[in-house]
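Novice: Sharing a structure below in structure tokens format, with a few things to ask.
Readers should treat all values here as calculations from the given coordinates under stated rules, not as data from a laboratory. Everything numeric in this text was worked out from a predicted model, so none of it was measured. Backbone-built Cβ (ideal geometry, glycine too); neighbour counts: all protein chains shown.
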Amino acid sequence: MTDINCKAVASIVRAAGHPVRVEILELLKNEGETSVNEICGKLHVEQSLTSHHLNLLSHAGFIKGNRKGKFIFYSLNSKELFSLIEIVKKELKLD
């Protein structure tokens, strides 16, 4: 694997490496398309911090945003990337 490919893989893994981001991914998996405000309310996280985490997940390709009027709704972009979370949960016997 080239150095560039290694950095890309590390970037994706790092994006999933925060408890709030894992919670966001789980929420979107279970509930589908969800607004930023709903995510904040359900996870009890401030809007600015939630937006930061959403931005990191979006840049890594985990999620995508869809603007509807003045609101942005997020959903999973890649079930394959989400499987990374599932594999870790299985290894840790969390399911």
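Novice: Quick test of your reading of the structure: residue 55 fulfils all but one of (1) part of a helix (DSSP H, G or I); (2) crowded, with 16+ Cβ neighbours inside 10 Å. Name the failing condition by number.
Specialist: Going through (1) part of a helix (DSSP H, G or I); (2) crowded, with 16+ Cβ neighbours inside 10 Å one by one, residue 55 breaks only (2).
Novice: Hey, can you tell me all the residues within the stretch 66-93 that are over 20 Å from residue 14 (Cβ atoms) and either crowded, with 16+ Cβ neighbours inside 10 Å or β-branched (Val, Ile, Thr) (or both)?
Specialist: Correct list: 72, 73.
Novice: Can I ask one more? Find all pairs meeting these conditions: Cβ atoms under 6 angstrom apart; at least six residues apart or on different chains; first residue within the stretch 67-82 and without any contact (Cβ under 8 Å) to a residue 60 or more places away in the chain; second residue part of a loop (DSSP other than H, G, I, E, B) and charged (D, E, K, R).
Specialist: Taking only residues 6 or more apart or on different chains, the pairs are 73/33; 75/33.
Novice: Filter the stretch 21-38 for residues that are free of Cβ contacts under 8 Å to residues at least 60 places away in the same chain, out of contact with any strand residue (DSSP E or B) (no Cβ under 7 Å at 6 or more places or on another chain) and either under 16 Å from residue 86 (Cα atoms) or surrounded by 15 or more Cβ atoms within 10 Å (Cβ to Cβ) (or both) and give the result.
Specialist: 21, 23, 24, 26, 30, 38
Novice: Taking the condition of being over 16 Å from residue 64 (Cα atoms) and either touching a residue at least 24 places away in the same chain (Cβ under 8 Å) or among the β-branched types (Val, Ile, Thr) (or both), how many residues in the stretch 1-13 meet it?
Specialist: 5
Novice: Taking the stretch 23-38 as the region of interest, how many residues are within 13 Å of residue 76 (Cβ to Cβ) and either in a helix (DSSP H, G or I) or of a type in the set (D, E, K, R) (or both)?
Specialist: 9
Novice: Taking the stated definitions as given, is residue 17 loosely packed, with under 14 Cβ neighbours inside 10 Å and outside any helix (DSSP H, G or I)?
Specialist: Spelling it out, residue 17 is indeed loosely packed, with under 14 Cβ neighbours inside 10 Å and outside any helix (DSSP H, G or I).
Novice: Would you point out the residue of the stretch 65-87, among those that are touching a Phe, Trp or Tyr at 6+ places or on another chain (Cβ under 8 Å) and small (Gly, Ala, Ser), that is nearest to residue 17 (Cα to Cα)?
Specialist: 78
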